[in-house]
Amino acid sequence: MSFLGNVLKTAAIAATALGLAVGAAQAEKKDLTLAYVEWSDTVVATNIVKTVLEDAGYKVKLVPLSGAAMWQAVASGEADAMVAGWLPATHEAYNAKLKDKVVNLGPNLSGAKIGWAVPTYVDITSIEDINKDPAKFSGKVIGIDPGAGLMKASEKAVKDYGLKVKLVEGSDATMVAALKDAYAKKEPIIVTTWTPHWMFAEWDLKYLADPKNVFGGEETVNTIVSTKLKTEAPEAYKILDNFNLSLDDEQKVMVENNKPGADPAATAKAWVAANKAKVDAWMK
């Protein structure tokens, strides 16, 4: 074969190899589904992860679910990941049941907690104080979505403390609306809540002491992925494994999301653009 023929043959082999490499890379970019619960902190974290994964070339779908359904969706492979696994206490029951069917990539946020809170103008300091005058609170504790780990712990608190109050089911949005209304009128109210949450930046609130430790101590929020993700989308797996936020990061974006007309997808993109160094570290 002539010198030119060898050159052309070598170029053809190189082009074929390059084409195979590109094709493999493109094939790796499977569409991803992220499950989440519609808590204000989880909305922030999930939209930030979605933005970063899309910047890496993935198509990402978000699916809002209850806490139990979120864990089940990842365990069954219907969802590829979620960044809202509260451990060791809040999602203890889900984790105990499904931990062998998912992969826990570890904490993406530390310093989280759950419990009950009241405005600082309310003159009680402990959950035990509620029974002194439950009528002051209309005999109610304002809760969130049924089945949430926080609600299960709240049900236990009502029982363990022998409280003469009813736990009212709702959502993050209905709980916040009730708090906003009561705060404006300076009326007593007890709400189920958690940190991080923008409500602590908006209003003067205090957690009620929990001497029986029903709500547990400090928790972490963990990234949970399907058992197939590392094989099917190794780059996405790497990004999710590296993903982490601080309480300050989340709460600042939550405040932005609470402004009139705010779009969580847009605030997430703005945060990603403004925090290039942090995001680049997740891509390594």
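The values are calculated or read from the model by the stated rules, or taken from the named source; none is laboratory data. Not measured: the values here are computed from a predicted model. Don't worry about glycine lacking a Cβ; one is built from the backbone with ideal geometry, like all the others, and counts go over all protein chains shown. Each accessible area value is taken on the protein alone, full model and side chains, heavy atoms only, with ligands, DNA and RNA left out. Shrake-Rupley method; radii C 1.70, N 1.55, O 1.52, S 1.80 Å.
Values computed for the structure shown
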read-out	value
Selection count where residues are touching a strand residue (DSSP E or B) at 6+ places or on another chain (Cβ under 7 Å) and under 23 Å from LYS30 (Cβ atoms), scope region 222-250	13
Count of residues meeting criterion [in a loop (DSSP other than H, G, I, E, B) and open to solvent by 10 Å² or more (accessible area, probe 1.4 Å)] in region 92-123	3
Residues of region 204-217 that turn out to be closer than 21 Å to GLU38 by Cα and surrounded by fewer than 16 Cβ atoms within 10 Å (Cβ to Cβ), as a count	0
Any chance THR223 is in contact (Cβ under 8 Å) with a residue 60 or more places away in the chain, in contact with a helix residue (DSSP H, G or I) (Cβ under 6 Å, 6 or more places away or on another chain) and β-branched (Val, Ile, Thr)	yes
Count of region 244-267 residues which are acidic (Asp, Glu) and open to solvent by 40 Å² or more (accessible area, probe 1.4 Å)	3
Any pair with Cβ under 9 angstrom, 6 or more apart, that starts in region 268-283 at a residue that is more than 12 Å from THR51 (Cβ to Cβ) and ends at one that is modelled with pLDDT of 95 or more and open to solvent by less than 30 Å² (accessible area, probe 1.4 Å)	LYS278/LEU245; LYS278/VAL272; MET283/VAL52; MET283/ALA56; MET283/ILE239
Residues satisfying the stated conditions in region 124-145, i.e. in contact with a helix residue (DSSP H, G or I) (Cβ under 9 Å, 6 or more places away or on another chain) and either among the aromatic types (Phe, Trp, Tyr) or assigned to a helix (DSSP H, G or I) (or both)	ILE127, ILE130, LYS136, PHE137
Among the candidates GLU54, GLU78, residue that is modelled with pLDDT of 95 or more, surrounded by fewer than 18 Cβ atoms within 10 Å (Cβ to Cβ) and assigned to a helix (DSSP H, G or I)	GLU54
Residue that is farthest from ALA84 (Cα to Cα), among those in region 169-212 that are of a type in the set (Asp, Glu) and without any contact (Cβ under 8 Å) to a residue 12 or more places away in the chain	GLU187
Qualifying residue in region 173-182 (condition: part of a loop (DSSP other than H, G, I, E, B), within 21 Å of HIS91 (Cβ to Cβ) and under 19 Å from the mean Cα position of the chain (by Cα))	no
Residue match in region 195-218 (condition: in a strand (DSSP E or B), of a type in the set (S, T, N, Q) and in contact with a Phe, Trp or Tyr (Cβ under 9 Å, 6 or more places away or on another chain))	yes
Residue among ALA270, ALA236 that is among the hydrophobic types (A, V, I, L, M, F, W, C), in a helix (DSSP H, G or I) and exposed (fewer than 15 other Cβ atoms within 10 Å of the Cβ)	ALA270
Tally of residues being more than 24 Å from LYS212 (Cα to Cα), among the acidic types (Asp, Glu) and either in contact with a strand residue (DSSP E or B) (Cβ under 8 Å, 6 or more places away or on another chain) or surrounded by 17 or more Cβ atoms within 10 Å (Cβ to Cβ) (or both) across region 152-198	1
Any hit, region 19-30, residues being surrounded by fewer than 23 Cβ atoms within 10 Å (Cβ to Cβ), modelled with pLDDT of 95 or more, out of contact with any Pro (no Cβ under 6 Å at 6 or more places or on another chain) and not in a helix (DSSP H, G or I)	no
Test for LEU34: is it open to solvent by less than 40 Å² (accessible area, probe 1.4 Å) and touching an Asp or Glu at 6+ places or on another chain (Cβ under 8 Å)	yes
Residue tally, condition touching a Leu at 6+ places or on another chain (Cβ under 8 Å) and assigned to a loop (DSSP other than H, G, I, E, B), over region 57-75	2
